[in-house]
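Undergrad: Got a structure for you, questions after.
The values are calculated or read from the model by the stated rules, or taken from the named source; none is laboratory data. Given the structure is predicted, the values throughout are model-derived calculations rather than measurements. Counting neighbours? That spans all protein chains shown, and the Cβs are built from the backbone with ideal geometry, glycine included. Each accessible area value is taken on the protein alone, full model and side chains, heavy atoms only, with ligands, DNA and RNA left out. Shrake-Rupley method; radii C 1.70, N 1.55, O 1.52, S 1.80 Å.
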Amino acid sequence: MKKILICLLVISMLVVSGCAQTTAPTTSTGTSSSGATAAKTTSATDAPKKKITLTFGWWGSILRNDKMNAILDLYQESNSHITIEREFAAYSDYLEKLAMQMAGGNATDIINSSGLFASPYATTNQIIPMDPFVDSGLIDLNDWSDLAIETGKFQDKLYMITYGTGGSCLSYNQSMIERAGMALPNIDWNVDEFKDYVVQLQSKLEPGTYALTPGLSNDQYFYSWVRSYGYEITDGKKITAPTSVIVDWFTYWNDLDKLGVLPAADLWAQESAKDWEESMQVKNTACMQFRPMNHVPILQTYSEDTFNVVRIPKIPNADNARNEYIQNVGMCITSKSKYPEECAKLINFIVNDQEAQVIYNLDMGFPGNKKVISEWLVGKLPAGFDKIQNLNDIILADKDVSPAVFFPATFSSFMPSELISASDKVSFGQLSPQAAAEEFVKSANALLS
Amino acid sequence: MLNNKKNEIIKTISLSILAIVMLYPLIWMLSSSFKSNMDIFTDPNLIPQNPTLQNYVQGWKGTAGVGFMRYMLNSLRISILSILGTVTTCYMAGFAFARLNFKYKKPLFALMLFMMMIPEHVVLLPQYVFFNALGWIDTILPLVIPKFFAVESFFIFLFIQFIRGIPRDLDDAATIDGCNKFRLFISIIAPLCKPAFITTIIFTFIWTWNDFFSQLVYLNRGVNMTVSLGLRVFLDATAQSAIGSLFAMSIVSIIPFFIIFIFSQKYLVQGIVTSGIKG
Amino acid sequence: MRLNKRKFTQSVTLKKSLPAYVFLFPWIVGVILFRSIPLFTSLYYSFTDFKLFSSPSFIGLKNYEFMFTIDGHYFNAIKATFTYVFIGVPLQLIWALILALLLDKNMRALPIFRSIYYIPSLLGSSVAISMLWLQFFGSKGMFNKVLEFFNITTFGQFPWISNPNTSIYTLVLLLVWQFGSPMLIFLAGLKQIPAELVEAAKIDGAGRSQIFRHVTLPVLSPIIFFNLIMQIIHAFKAFTPAYIVSGGSGGALGSVMFYTLYIYKSAFTDFRMGYASALGWILIIIIVVFVVIIFKTSKWVHYAD
């Protein structure tokens, strides 16, 4: 027994001391190579600036992590007095952890956020408006599209600088449709024409293959649906969309389900855990799916089939309107940050530096800086990007589409889970569309109040 | 004699079959770790048709400039410190409850049991705020320091149960020999508790190694991430993921355990009888 | 007079208690610092409308009222957790005991088996489990292929992992599959059975089942009791299996929305810290009630002292 304890003690001391030694240099510079270059540049400049450490957090996969890491290293190389400490996690981990860090007041200087969940942080002043930095020129938005700027605004103040935006769309496996001998989807469809099309497509597909995947819990499409009727889903205090619009939504999906064009609810439920390689569209077991546009190029990398996109169908009884909710992802500066100007400079670098944007390569959809696509990435666009770009241009040219807003709920993040809960009850046949819509409104209102 | 041998063979075979059934998911994972991401779901063979080490190479490289080795070292450091803390303080408390009489023993015992029942999630935020005030966030301190205060009541309970199983005659004899409580604690009871110590060590190691929740909460920077956090990065629903690397690194991450387990289970087998209850 | 006497006895016992308190010192400090203070804070939160970023204001029992009257998800959390605890834990313990008994004999390959059977538990809560379970209990998973092999075709391509009626049982199976920890504790306990006792029983002409019932089980009873308590509490507090297998969503129709997962979601996705604290306190009460019941009915446990 004693021997084991002694062994343990010795090992632990080795590990602890060993780690302490190795930790020190790595934490201070991020990677050793950039550390070396940083040292060189410091000695070259005669008046070394005060050393500053910024913290930067994001979510993503290993691919995105590597991209972000390279961009931040790049910034450190040319700004030797800055050290950027990096925090990253998978999406849901990031979100929940961010909430905790915000509550504890120790979130990173720069956080990654989206219009979907940034408003609680803006209303409680956890993140700061960036208009002063734009005015002083630290953040240069001259080459930016109005929409991209607009998506970062909350109550007329700029809280977020967008990496990229992307609207909701109907994605489809073009090769599958061609193999079935059908015409490609039409951009001017209304919901009824769309229904006819999927029924026809379904009849030409093999058994066990579906024309469409269920989208009744797709929050982005749902918000677009509500906006097409001219409403926002909530003003932050209660659900503002009339219940009838929400009933229509569930009825629309319930009808599609009855037409037999969707996989069974339980079969679809397992999809959420699946990876891109295994998704129904890649595996040729489903043809069409409503998605955020920026997913389509990713999908394309996993299949030899051709993927394409079209706008969401019009709503016939709402003057043929369509008003896509445009999702965005961007960076915010937290109010606890000691160096907001330095944060602004870094953000400006990430979104406006050519080299950084080439590395980033449109990871989050359409960038704000118009030069990225028109000049810097000419000939380097990811496969399939041209298609969503065309669609994006069409959507933005549509007079009916108003710029996306910061999701206005005071505490917004439960909205998707309430929608999923109500949707499940419809798709598993527990509730009628009417009852599910009522339940959704009731429980969402209870949470909002 | 012959019958015995036959029995043993039958038993070995049936235990082997059972082992294969139980381990099948892991065998599948092992095989998948040598397939390309595309092949994992299309190649149904257990022996990969186009074997590749790419997943191991990629996975070991880690992400955002932080290699998997760092995750392993970080996890190891937290595990070993947790073991030291837990084994010492839980044995102390367990010994007191099992062998000593003291005032308020009953209410304190009830309190100990109650502490076992508290879900982490209830105390999470207040604890976070507390550690934050101490400036401990993004260090291993919130994960390790509490272990030196016997917060894992499970192990106190484990020690109590084990010590209560040891006949009292032994300490009575020792006490007559003029042995005080501290000698009893160190030289009489401790050696007899070997299985309990080993169990505590193994469990603390595994629990700490696998615990992703509190590590997620308290560790922030990429360089501080542990194995359980590192593995999660391979899967992300909003962007491309790397299942092959996930499987490969999951295999790598259980290797140290497995080695330690094989090494230490020998002590479990020895048990209390051979360590001199009669001697 | 009476007061004096009480004081007298108290001081004597306290003095005698001193060595014990020395041993208990770290634990007592830990209880106060790392448990009691956060616990009382969360009890206070449970009577407030604390929303994580705004300061809490007192709302009395409103959170508790909401839980039992308005909240539609609460029942899901109770149902999923109770199924997991009361079906999963007994199955896991029986399975662990059977294997511990099989492994405790003097067989040459036993050390290897012991290690092999422990491997599933080593993986614990790794994310890899979510992919493995999908691969085995998904519509095209191994489980359906096995059924097909045995000519059971009624289920076809049934998605066991995501169907709201069956998904919780795939988690029960995960719990049973990871039986390593209770098995180890059983093994450690079996080692404590004095060989003479078994020999004596054999000489008395007792058969295997009699030895098991009259020697093994009673001697093992404290260990069974320990495992039962430990695993029940563990299962009530379980979080990671549901979090990982359902990707944090709690499954279709909330079928695997474990209680702790619901607490976590309330706190950090809904930001309703006050409500989450109230949920937590009810969970503590539930656990305490069941543990007390098990303790009250523990006459079957025999201690050597």
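Undergrad: When you look at C:Ile129, is it among the β-branched types (Val, Ile, Thr), under 23 Å from the mean Cα position of the chain (by Cα) and surrounded by 24 or more Cβ atoms within 10 Å (Cβ to Cβ), yes or no?
TA: No: the conditions fail for C:Ile129.
Residues checked against (1) under 20 Å from the mean Cα position of the chain (by Cα); (2) under 20 Å from A:Ser168 (Cα atoms):
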position	(1), (2)
A:Asp305	no, no
A:Arg311	yes, yes
A:Asn323	yes, yes
A:Met331	yes, no
A:Ser337	no, no
A:Ala356	yes, no
A:Leu391	yes, yes
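Undergrad: A further question on this structure: Is there a residue in the range B:69-76 that is in contact (Cβ under 8 Å) with a residue 40 or more places away in the chain, touching a helix residue (DSSP H, G or I) at 6+ places or on another chain (Cβ under 8 Å) and over 30 Å from B:Lys147 (Cα atoms)?
TA: No, that holds for no residue.
Undergrad: Please enumerate the residues belonging to the range B:128-150 that are within 11 Å of chain C (Cβ to nearest Cβ), open to solvent by 20 Å² or more (accessible area, probe 1.4 Å) and not aromatic (Phe, Trp, Tyr).
TA: Hits for the range B:128-150 are B:Val129, B:Leu134, B:Ile145, B:Lys147.
Undergrad: Okay, next question. Here is a check on your reading of the model: is B:Ile186 touching a residue at least 24 places away in the same chain (Cβ under 8 Å) and among the aliphatic types (A, V, I, L, M)?
TA: It is false that B:Ile186 is touching a residue at least 24 places away in the same chain (Cβ under 8 Å) and among the aliphatic types (A, V, I, L, M).
Undergrad: Then there is this: So for the range A:127-134 (the condition being free of Cβ contacts under 8 Å to residues at least 12 places away in the same chain, away from chain B (no Cβ under 14 Å) and open to solvent by 10 Å² or more (accessible area, probe 1.4 Å)), does at least one residue qualify? Break it down into steps so the answer makes sense when it comes.
TA: Taking the range A:127-134 and keeping what is free of Cβ contacts under 8 Å to residues at least 12 places away in the same chain, we get A:132.
Remaining after also requiring away from chain B (no Cβ under 14 Å): A:132.
Those left that are additionally open to solvent by 10 Å² or more (accessible area, probe 1.4 Å): A:132.
Checked the range A:127-134: at least one residue is free of Cβ contacts under 8 Å to residues at least 12 places away in the same chain, away from chain B (no Cβ under 14 Å) and open to solvent by 10 Å² or more (accessible area, probe 1.4 Å).
Undergrad: Could you check how many residues of the range B:114-127 are in a helix (DSSP H, G or I), facing another protein chain (nearest Cβ under 7 Å) and of a type in the set (A, V, I, L, M)?
TA: Here the count works out to 5.
Undergrad: Let me ask something else about it. Inspect the range B:58-73 for any residue being within 23 Å of the chain's Cα centre (by Cα) and at the interface with chain C (Cβ under 9 Å from one of its Cβ atoms) and give the result as yes or no.
TA: No: the range B:58-73 contains no residue that is within 23 Å of the chain's Cα centre (by Cα) and at the interface with chain C (Cβ under 9 Å from one of its Cβ atoms).
Undergrad: Any idea which residue in the range A:103-117 is farthest from B:Trp136 (Cα to Cα), counting only those that are in contact with a Leu (Cβ under 9 Å, 6 or more places away or on another chain) and open to solvent by less than 10 Å² (accessible area, probe 1.4 Å)?
TA: Result: A:Ser113.
Undergrad: Exactly one of (1) open to solvent by 10 Å² or more (accessible area, probe 1.4 Å); (2) touching a Ser or Thr at 6+ places or on another chain (Cβ under 7 Å); (3) more than 14 Å from chain C (Cβ to nearest Cβ); (4) within 22 Å of A:Val199 (Cβ to Cβ) is unmet by A:Ala318. Its number?
TA: (4)
Undergrad: Hey, any hits in the range B:97-111 for a residue that's touching a Leu at 6+ places or on another chain (Cβ under 8 Å), aliphatic (A, V, I, L, M) and more than 8 Å from every other protein chain (Cβ to nearest Cβ)?
TA: No.
Undergrad: Among the residues of the range A:253-284 satisfying the criterion of being in contact with a Ser or Thr (Cβ under 8 Å, 6 or more places away or on another chain) and of a type in the set (A, V, I, L, M), which is surrounded by the most Cβ atoms within 10 Å (Cβ to Cβ)?
TA: That would be A:Ala269.
Undergrad: Additional query: Taking into account only those residues within the range C:34-51 that are of a type in the set (A, V, I, L, M) and closer than 10 Å to B:Gln127 by Cα, which is surrounded by the most Cβ atoms within 10 Å (Cβ to Cβ)?
TA: Looking only at the range C:34-51, we keep the residues that are of a type in the set (A, V, I, L, M), and these are C:37, C:39, C:43.
Subsequent filtering for residues that are closer than 10 Å to B:Gln127 by Cα retains C:37, C:39.
On the way: C:Ile37: 15, C:Leu39: 22.
By that ranking, first place goes to C:Leu39.
Undergrad: Need pairs with beta-carbon distance below 6 Å; first residue touching a residue at least 12 places away in the same chain (Cβ under 8 Å) and within the range B:113-140, second of a type in the set (Val, Ile, Thr) and assigned to a helix (DSSP H, G or I); sequence gap 6+ or separate chains.
TA: Filtered contacts from the range B:113-140: B:Met116/C:Ile233; B:Ile140/B:Ile78.
Undergrad: Would it be correct to say that A:Ser303 is small (Gly, Ala, Ser), surrounded by fewer than 23 Cβ atoms within 10 Å (Cβ to Cβ) and within 28 Å of A:Trp276 (Cβ to Cβ)?
TA: Against the criterion (small (Gly, Ala, Ser), surrounded by fewer than 23 Cβ atoms within 10 Å (Cβ to Cβ) and within 28 Å of A:Trp276 (Cβ to Cβ)), A:Ser303 qualifies.
Undergrad: Look through the range C:145-161, keep the residues that are closer than 18 Å to A:Trp268 by Cα and open to solvent by 10 Å² or more (accessible area, probe 1.4 Å), and return whichever of them is nearest to the other protein chains (Cβ to nearest Cβ).
TA: Across the range C:145-161, the extreme among qualifying residues is C:Ile161.
Undergrad: Still on this structure, I have one more. Checking the condition touching a strand residue (DSSP E or B) at 6+ places or on another chain (Cβ under 8 Å) and outside any helix (DSSP H, G or I), which residue from A:Gly164, A:Gly181 passes? Give the steps one after another, and end with the answer.
TA: Details: A:Gly181 fails: touching a strand residue (DSSP E or B) at 6+ places or on another chain (Cβ under 8 Å).
Within the list A:Gly164, A:Gly181, the selection yields A:Gly164.
Undergrad: Only one residue in C:Val289, C:Val256, C:Val245, C:Val301 is under 22 Å from the mean Cα position of the chain (by Cα) and open to solvent by 50 Å² or more (accessible area, probe 1.4 Å), so which one is that?
TA: That would be C:Val289, the only listed residue that is under 22 Å from the mean Cα position of the chain (by Cα) and open to solvent by 50 Å² or more (accessible area, probe 1.4 Å).
Undergrad: Now for a separate question. What's the number of the only condition in (1) open to solvent by less than 10 Å² (accessible area, probe 1.4 Å); (2) facing chain B (nearest Cβ under 8 Å) that C:Gly138 fails to meet?
TA: (2)
Undergrad: Could you list, in sequence order, all residues of the range B:15-39 that are more than 9 Å from chain C (Cβ to nearest Cβ) and part of a helix (DSSP H, G or I)?
TA: B:Ile17, B:Ile20, B:Val21, B:Ile27, B:Leu30, B:Ser31, B:Asn37, B:Met38, B:Asp39
Undergrad: Got a sec? Which helices (runs of 4 or more DSSP H) wholly within the range A:333-445 have at least 2 residues that are more than 14 Å from chain C (Cβ to nearest Cβ)? Spell out the reasoning first.
TA: Working: elements: A:340-352, A:354-360, A:385-397, A:414-427.
Of the helices (runs of 4 or more DSSP H) lying wholly inside the range A:333-445, those with at least 2 residues that are more than 14 Å from chain C (Cβ to nearest Cβ) span A:340-352, A:354-360, A:385-397.
Undergrad: Here is a follow-up. Kindly indicate whether any position in the range C:246-253 is aliphatic (A, V, I, L, M) and modelled with pLDDT of 85 or more.
TA: For the range C:246-253, residues aliphatic (A, V, I, L, M) and modelled with pLDDT of 85 or more: present.
Undergrad: Report, by residue number, each residue of the range A:136-161 that is without any contact (Cβ under 8 Å) to a residue 40 or more places away in the chain and not in a loop (DSSP other than H, G, I, E, B).
TA: Within the range A:136-161, A:Lys157, A:Leu158 qualify.
Residue-wise test of (1) loosely packed, with under 15 Cβ neighbours inside 10 Å; (2) charged (D, E, K, R); (3) more than 13 Å from C:Pro120 (Cα to Cα); (4) touching a Cys at 6+ places or on another chain (Cβ under 9 Å).
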| residue | (1), (2), (3), (4) |
| --- | --- |
| B:Leu15 | no, no, yes, no |
| B:Met22 | no, no, no, no |
| B:Ile27 | yes, no, no, no |
| B:Ser32 | no, no, yes, no |
| B:Asn37 | no, no, yes, no |
| B:Thr42 | yes, no, yes, no |
| B:Leu46 | yes, no, yes, no |
| B:Gln49 | yes, no, yes, no |
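Undergrad: Just name the residue that is farthest from C:Phe268 (Cα to Cα) out of those in the range B:174-225 that are at the interface with chain C (Cβ under 10 Å from one of its Cβ atoms) and of a type in the set (S, T, N, Q).
TA: In this case the residue turns out to be B:Asn180.
Undergrad: Further question: Is it the case, given these coordinates, that A:Val296 is in contact with a helix residue (DSSP H, G or I) (Cβ under 8 Å, 6 or more places away or on another chain) and not in a helix (DSSP H, G or I)?
TA: Spelling it out, it is not the case that A:Val296 is in contact with a helix residue (DSSP H, G or I) (Cβ under 8 Å, 6 or more places away or on another chain) and not in a helix (DSSP H, G or I).
Undergrad: Which residue is nearest to the chain's Cα centre (by Cα), if the candidates are limited to the range A:208-250 and must be open to solvent by 10 Å² or more (accessible area, probe 1.4 Å) and closer than 26 Å to C:Phe158 by Cα?
TA: A:Asn218
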